[in-house]
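K.L.:
Let me give you the structure first, and then I'll get to my questions.
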Amino acid sequence: MEKIIVGRLLRSNTRACVVGCPPAQQFPAFGSLVSIPLSETEVVYGLIGDIHIDDDGLVRQLATAPSVDEAVIQDNRLNRNVPVEMTVLFVGSKTENRISHLLPARPPLSLDCMYLCSTQELCEFTAGSRFGYLRHILDAQDVPAADLLAAHLAQAGAAQRAQGNSAWFGQAAARIITQLRDDYPRLMPILETLADVENA
Amino acid sequence: MPLNYLELQPQLRDYAQKSAAAREKTTAQREQLLAWLNECAGEPRETLRQSCRAFADERCALPAGEVVNRFFSSSGSGECLLLAADGSQIVPSAHDAVPLALINTSLVMLDTASGQAPVIRTESAILEDFPAGVEFELLSEDLISLKRDVAELDILVSCQASHDLPVIALRDGPLELYHEPRQGRQFQPEFERYIAAMQLLAQKDFSLAGYIDRSQSTTITQMLYIFKTGQPLPKEQKALPDVSLMEALLPPGGRSAVFEMQSTSSKHYGETLRVHFFYLNVGRPEKAYIVRVEIPAWVAGNPEKIERLQIALLEQCRVMGSRPYPYLLHRAHEEAVVHYDEKEQLQRALLQELQNKGMDAFLPSNKLAAKMLQSRTRM
């Protein structure tokens, strides 16, 4: 099946990038795993860590009007040059079919395409009880790390369960506890959000 | 420090004081003009027109048929295909590395009943007319503005209405080109193209209108002076703008009577294209906001078209909330406007092309280069 482009790269650095897509388009959910191909054999993986919708003077003025026509809403979503910006936190890469949880060797370039990973790709990336990539989330600045972890574990846990691996969520949680065992103030809110995921 | 604030402080106070005094005078003047307008309404239309025509060189309003002190409200909603065109330009500067003249025109098309996003088209054209060499032949700002006016009408003409809906074609600014026709070999053909484009719009039966925000026009005031004193207002005396008079006359949503425009250039437009206008209050009960709408004779002569235009303008202004202005015209402006960084980018690309042709001696003037020097920075 042909993959659908969900956005194009606006700016990037070694740890993260920002991708833009038209507001009218169905954009990936917070915590989704996405891929950005660098070449035929090299792919960068990342998690949607923040979704940002900017305003401008006209939008602010329209928002104060008593009612906004559907045509005006559509015009602002389809025609006006205000993309939805998504911050993508790099969590690994794939070279020659080998998945690595290290940061990519070089960041993607302007206007590179971003794709939403399928359930199969999500399982492939998170398989084998290797949770090294979780450190990128835990170390991330300027993103809500606890909620990002929760969103990712909920999605990956569901995908793994569907493949018959119901122990995956517990293993991931255990790995996070091990990693943060000496950092009680950070660990507690994360455990609370994970409990919310389990109860959901 | 760029400004001498100590020197400016008393000047600001003085300015405000004089403004307050002028406003009081304006109120009295408006009362008098309103009384004249009411008097004028009782006069036969032809008498008024003849008195004004005696001063054919004066910019002045001529009653077109409706009672001059009446206002006209509209009701209902008018389904139509609404077009808005706007243009912007890059004016070449002798100081730039490569003087560049460009016109960027946009057209925004909205089927008002569809609920769908408008369709947008933009046309960009570099103006090249430099037989003496790109560095020496600079197109004048006046000529570029005129070419932009023509391009705005051309893009409206190019619109193919795909269904039977009536079409309203809006542009920002007056329909009557100010001080036209300008003299000179370059101006006349452009003016003729402008008239030809208007004729095509008339043939297509598009309701053309020019929307003028914050008009300073004094044509109705001038008409009243001529009616009452038998003479136009002396040039050195400042007339009260028509919008100020209309603030007292028009309720929200109401339009004035339609007037014909008399000016030195009226004769160039012919019977079908002759410019007419009315004023429209697009404001709220507590805050009137009067705009001037210019229409050609083929629209002015059709009450149905005028009412549809009035409804469409009010609906468009309503979209913008507390600062009424036709949404679609604003969108056309947004699509057409050329920002400074875009101009720079285009100039760099042109410079590259010129270098590819082996022409590499283009530099900005030393004056511009000095102005572009980086300002002081902190370590």
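K.L.:
Within the bounds of segment B:79-89, is there any residue that is in contact with a Cys (Cβ under 6 Å, 6 or more places away or on another chain) and either surrounded by 15 or more Cβ atoms within 10 Å (Cβ to Cβ) or within 14 Å of chain A (Cβ to nearest Cβ) (or both)? Break it down into steps so the answer makes sense when it comes.
P.N.:
The first filter runs over segment B:79-89 and keeps only residues in contact with a Cys (Cβ under 6 Å, 6 or more places away or on another chain), leaving B:83.
Checking which are either surrounded by 15 or more Cβ atoms within 10 Å (Cβ to Cβ) or within 14 Å of chain A (Cβ to nearest Cβ) (or both) leaves us with B:83.
Yes; the residues of segment B:79-89 include at least one that is in contact with a Cys (Cβ under 6 Å, 6 or more places away or on another chain) and either surrounded by 15 or more Cβ atoms within 10 Å (Cβ to Cβ) or within 14 Å of chain A (Cβ to nearest Cβ) (or both).
K.L.:
Filter segment B:343-372 down to the residues that are free of Cβ contacts under 8 Å to residues at least 12 places away in the same chain and of a type outside the set (D, E, K, R) and list them by number. Before you say what the answer is, go through the steps one by one.
P.N.:
Narrowing segment B:343-372 to residues free of Cβ contacts under 8 Å to residues at least 12 places away in the same chain: B:344-345, B:348-349, B:352-353, B:355-361, B:366, B:369-372.
B:345, B:349, B:352, B:355, B:356, B:358, B:359, B:361, B:366, B:369, B:370, B:372, listed by residue number.
K.L.:
Let me ask something additional. So which pairs qualify, if the first residue must be in segment B:28-53 and farther than 15 Å from residue B:232 by Cα and touching a residue at least 40 places away in the same chain (Cβ under 8 Å), the second must be of a type in the set (Gly, Ala, Ser) and not in a helix (DSSP H, G or I), the Cβ gap must be under 7 Å, and the two must be at least 6 apart or on different chains?
P.N.:
Correct list of pairs: B:30/B:248; B:34/B:248.
K.L.:
Would you tally the residues in segment B:238-287 being outside any loop (DSSP other than H, G, I, E, B), surrounded by fewer than 21 Cβ atoms within 10 Å (Cβ to Cβ) and in contact with a His (Cβ under 9 Å, 6 or more places away or on another chain)?
P.N.:
1
K.L.:
Do the conditions hold for residue B:358, that is, is it modelled with pLDDT under 90 and crowded, with 16+ Cβ neighbours inside 10 Å?
P.N.:
On the way: modelled with pLDDT under 90: yes; crowded, with 16+ Cβ neighbours inside 10 Å: no.
When the stated conditions are applied, residue B:358 does not pass them.
K.L.:
Working only within segment B:1-10, note down all residues that are part of a helix (DSSP H, G or I) and loosely packed, with under 10 Cβ neighbours inside 10 Å. Spell out the reasoning first.
P.N.:
Initially, segment B:1-10 is screened for residues part of a helix (DSSP H, G or I), giving B:5-10.
Passing the criteria: B:5, B:6, B:7, B:10.
K.L.:
Only residues that are more than 20 Å from the chain's Cα centre (by Cα) and closer than 24 Å to residue B:315 by Cα: list them for segment B:258-287, please.
P.N.:
B:284, B:285, B:286, B:287
K.L.:
For the structure I just gave you, tell me whether residue A:154 is surrounded by fewer than 20 Cβ atoms within 10 Å (Cβ to Cβ) and over 28 Å from residue A:184 (Cβ atoms). Please lay out each step first, then the result.
P.N.:
On the way: surrounded by fewer than 20 Cβ atoms within 10 Å (Cβ to Cβ): yes; over 28 Å from residue A:184 (Cβ atoms): no.
So residue A:154 fails the test.
K.L.:
Search segment A:68-85 for residues being over 19 Å from residue B:322 (Cβ atoms) and more than 8 Å from chain B (Cβ to nearest Cβ), and hand back the single one that is surrounded by the most Cβ atoms within 10 Å (Cβ to Cβ).
P.N.:
Let us first name the residues in segment A:68-85 that are over 19 Å from residue B:322 (Cβ atoms), namely A:70-71, A:74-75, A:77-85.
Then keep just the ones that are more than 8 Å from chain B (Cβ to nearest Cβ); that gives A:81-85.
Working: A:81: 9, A:82: 17, A:83: 20, A:84: 18, A:85: 18.
Among those that are over 19 Å from residue B:322 (Cβ atoms) and more than 8 Å from chain B (Cβ to nearest Cβ), it is A:83.
K.L.:
Among the listed residues B:146, B:127, which satisfies the condition of being surrounded by 14 or more Cβ atoms within 10 Å (Cβ to Cβ) and closer than 21 Å to residue B:295 by Cα?
P.N.:
Of the residues listed, the single one that is surrounded by 14 or more Cβ atoms within 10 Å (Cβ to Cβ) and closer than 21 Å to residue B:295 by Cα is B:146.
K.L.:
Pull up segment A:35-67, narrow it to residues that are charged (D, E, K, R) and farther than 21 Å from residue A:110 by Cβ, then point me to the one that is farthest from the other protein chains (Cβ to nearest Cβ).
P.N.:
Here is the first cut: in segment A:35-67, the ones charged (D, E, K, R) are A:40, A:42, A:50, A:54-56, A:60.
Within this subset, residues satisfying the condition of being farther than 21 Å from residue A:110 by Cβ are A:55-56, A:60.
Working: A:55: 14, A:56: 10, A:60: 10 Å.
Filtering segment A:35-67 for residues that are charged (D, E, K, R) and farther than 21 Å from residue A:110 by Cβ, the one farthest from the other protein chains (Cβ to nearest Cβ) comes out as A:55.
K.L.:
Right, something else. Is it the case that residue B:293 is within 29 Å of residue B:88 (Cβ to Cβ), more than 14 Å from chain A (Cβ to nearest Cβ) and buried (at least 23 other Cβ atoms within 10 Å of the Cβ)? Walk me through it before giving the result.
P.N.:
Numbers: within 29 Å of residue B:88 (Cβ to Cβ): yes; more than 14 Å from chain A (Cβ to nearest Cβ): yes; buried (at least 23 other Cβ atoms within 10 Å of the Cβ): yes.
When the stated conditions are applied, residue B:293 passes them.
K.L.:
From the residues in segment B:85-142 that are in a loop (DSSP other than H, G, I, E, B) and within 23 Å of the chain's Cα centre (by Cα), which one is modelled with the highest pLDDT? Quick ask: steps written out before the conclusion?
P.N.:
Of segment B:85-142, the ones in a loop (DSSP other than H, G, I, E, B) are B:91-101, B:112-118, B:127-140.
Next, from what is left, pick out any that are within 23 Å of the chain's Cα centre (by Cα): B:91-92, B:101, B:118, B:127, B:139-140.
On the way: B:91: 90, B:92: 87, B:101: 89, B:118: 95, B:127: 88, B:139: 76, B:140: 84.
Ranking the qualifying residues of segment B:85-142, first place goes to B:118.
K.L.:
Oh, and also: Out of the residues in segment B:154-173 meeting the condition of being more than 23 Å from residue B:315 (Cα to Cα) and of a type outside the set (S, T, N, Q), tell me which one is surrounded by the most Cβ atoms within 10 Å (Cβ to Cβ). Lay out the reasoning, then the answer.
P.N.:
Step one: filter segment B:154-173 for residues more than 23 Å from residue B:315 (Cα to Cα), giving B:154-155, B:157-158, B:160.
Those left that are additionally of a type outside the set (S, T, N, Q): B:154-155, B:157.
Values: B:154: 20, B:155: 24, B:157: 19.
The qualifying residue surrounded by the most Cβ atoms within 10 Å (Cβ to Cβ) is B:155.
K.L.:
Give me the pairs: first residue in segment B:306-328 and within 13 Å of another protein chain (Cβ to nearest Cβ) and touching a residue at least 60 places away in the same chain (Cβ under 8 Å), second residue hydrophobic (A, V, I, L, M, F, W, C) and assigned to a helix (DSSP H, G or I), beta-carbon distance under 7 Å, and six or more apart or on different chains, which are they?
P.N.:
B:316/B:328; B:325/B:317; B:326/B:313; B:326/B:317
K.L.:
Now for a different question. Of the conditions (1) more than 10 Å from chain A (Cβ to nearest Cβ); (2) free of Cβ contacts under 8 Å to residues at least 60 places away in the same chain; (3) closer than 19 Å to residue A:69 by Cα, residue B:340 fails just one. Which one is it?
P.N.:
For residue B:340, the exception is condition (3).
The values are calculated or read from the model by the stated rules, or taken from the named source; none is laboratory data. The model shown is predicted, which means the values in this text are computed figures rather than measured ones. Cβ atoms come from the backbone with ideal geometry, glycine included; neighbour counts cover every protein chain shown.
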